[in-house]
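Everything below concerns the one structure shown next.
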């Protein structure tokens, strides 16, 4: 019996190692230098989820180059999701350490602290599962993305594939859906609200913000003001469509 258990463990370990090792070679992330991803693994995951739930939802995505996205949106997303993006090499180890400490304290495996590069690796090639093997695959893919792509390209792809609501992917679709305008015309306030909902875009609506979204977007907006990205106007209540 012990021998059988040992064999099972060996096979399980070998299988996991082979599964992880696969991501050191495949997929070919270098293609993303010039080729835009058509459908991500995360989109396919959502489609299967909708099918199981009997929902007739279609993916809405409009690809737009980085230079046609409002600078306010770019700054707001970086502030909200990965403030060290331009300085790190794919991982924010301080944020990861804090996330691990929080998980240990809460006795739950959430393992947050993900950078934009890590989020992109997950969205492109993996699933939302939080198990350790998936996190190892994510780490390998993140390292490869950072090695093969420029920071601007990573950011461009992320902003075009990130989920911003039920069936809404990418900032162009999100901007048109919530504010009726192209992403290039987003104001600082609208940008801060779009950035505020990224942690849970299916729960929160940037166009009809809850108190959570109002508070978080105001915090993002205030940081933009402090950094001189935007000059604060006299009016901001988290509800208006203009600055």
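The values are calculated or read from the model by the stated rules, or taken from the named source; none is laboratory data. Keep in mind it's a predicted model, so treat the numbers as computed, not measured. Here Cβ is always computed from backbone atoms with ideal geometry, including for glycine, and neighbour counts include all displayed protein chains.
Observations on the structure shown:
- All positions within the range 43-75 that are within 26 Å of residue 185 (Cβ to Cβ) and outside any helix (DSSP H, G or I): 58, 59, 60, 61, 62, 63, 64, 65, 69, 70
- Residue in the range 160-180 that is within 20 Å of residue 78 (Cα to Cα), part of a loop (DSSP other than H, G, I, E, B), modelled with pLDDT under 95 and under 20 Å from the mean Cα position of the chain (by Cα) present: no
- Some residue of the range 190-200 being in contact with a strand residue (DSSP E or B) (Cβ under 6 Å, 6 or more places away or on another chain), in a loop (DSSP other than H, G, I, E, B) and within 21 Å of residue 47 (Cα to Cα): no
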